[in-house]
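Data first, discussion second: the structure below is written as structure tokens.
The values are calculated or read from the model by the stated rules, or taken from the named source; none is laboratory data. None of the values given here were measured: they were computed from a predicted structure. Neighbour counts are summed over all protein chains in view; Cβ atoms, including those assigned to glycine, are modelled from backbone coordinates with ideal geometry.
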Amino acid sequence: MLKIKTFILLLGLASTSISNADRIKDLTDVAGVRSNKLVGFGLVVGLQGTGDGKDLPLTAQGLKTMLSGLGVSVDGPVSDFDLGDQMADLAAQNAKKEMKVENVAAVMVTAELPPFAKPGQKIDINVSAIGVAESLRGGSLVMTQLRGVDGQTYALAQGAMTVTGISTDAAGSSIQVGVPTSGRIPNGATVERMVDTPFDSADHIVLNIRDNDFSTSNAITEAINLAFGPGVARAIDGVSVAVTAPADSSQRVTFLSMIENLDVEPGEPPARVVINSRTGTAVINRSVKVTAVAVTHATISVSISATNEISQPEPLSEGVTAAVQNADIMVAEPNNPMFLFQPGVDLREIVDAINQVGASPSSLIAILEALKSSGSLRAELVVI
């Protein structure tokens, strides 16, 4: 019976430990396994007169460049034909005319290339107008090269736009729902080039912890070494843990999947108070403590009431009837008690003490800032 009770107790302790633990995949990122940003300049055609028009020469220039690449002469040759003087002058005038691009809009195309993306895979793209186009609704993106930071082309984008915003006007009134000058094309780009990663060639796999913490780094190292043997993992600093990995890529994937699902108990976050000055929100984590301090907070309210009266003169006094305004001023200061913090009080006692004096969220922020200035708040104060 004693053994059974001991086993149940240990099982309860193990379940409590596991419930407070997190998987390594939820705490870390694999170094080199990340997405990459892509950007490109393109043209959206097929609009219903809502394009850039002649107000943006960049659109006409981009259209001419694209047509020239397709072998289309926009200006049209004049000297190659035996024309009369009048026909030659007319052709020259037409060549100088600007292109009408009311149905064309210049856009910036952005995308995010996922890690390990292979040529032929599809990715989503975002399209945003950069000129004076009123709407991209109903347009189609012409083939656009998406480049990385190194200037290389990693994807080609093209397709019909998906725009949720709409804008209309009539009789001097206008209404707009959403943003009609930006949209998306699901699976609108095809990957053309891979991004090299050190995952399959490096001697070690480096796990980067999302929040810098030496305790978490040490806990991850111990969990990996306990599961796979001493010396497999080595903590580099409070962010990175180097793990010796198999040379074969398939074995490396299996090995990393096993590591990602290990449970570890991360270290306690540092004491921090986050205050949103715009919304009056204050978030206090459980590690926050204060030293011995006395706090009082009172709000003075001033009310002014005005009474209008008519002053009548005495009979036969040759006086003049006049309007008189009387004002009553009242000042009220609630008798809020002072509360005392004992050394090392925790979060619950701080909140309970502040709520007892009826402090509003803005008053709570003022109290926390005063505690920090006095040196009694043992926490980092972050104002966003």
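What the table shows:
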{"read-out": "Enumeration of residues in region 201-218 that are farther than 20 Å from Ile24 by Cα and either surrounded by 15 or more Cβ atoms within 10 Å (Cβ to Cβ) or not charged (D, E, K, R) (or both)", "value": "Ser201, Ala202"}
{"read-out": "Conditions (1) more than 30 Å from Val163 (Cβ to Cβ); (2) at pLDDT below 80: number failed by Asp55", "value": "(1)"}
{"read-out": "Cβ pairs under 7 Å, 6+ apart, first in region 30-50 and touching a residue at least 24 places away in the same chain (Cβ under 8 Å), second of a type in the set (Lys, Arg)", "value": "Leu38/Arg147; Val39/Arg147; Gly40/Arg147"}
{"read-out": "Matching entry among Asp248, Asp237 (being of a type in the set (D, E, K, R), closer than 27 Å to Ser201 by Cβ and under 28 Å from the mean Cα position of the chain (by Cα))", "value": "Asp237"}
{"read-out": "Members of region 114-164 found to be of a type in the set (Ser, Thr, Tyr), surrounded by fewer than 18 Cβ atoms within 10 Å (Cβ to Cβ) and farther than 19 Å from Gly62 by Cα, listed by number", "value": "Thr162, Thr164"}
{"read-out": "Filter result for Ile18 (at pLDDT 80 or above, aliphatic (A, V, I, L, M) and not assigned by TED's automatic domain parsing to the domain that holds Asn212)", "value": "no"}
{"read-out": "Residues (modelled with pLDDT under 75, in a loop (DSSP other than H, G, I, E, B) and among the hydrophobic types (A, V, I, L, M, F, W, C)) located in region 272-299", "value": "Ala292, Ala298"}
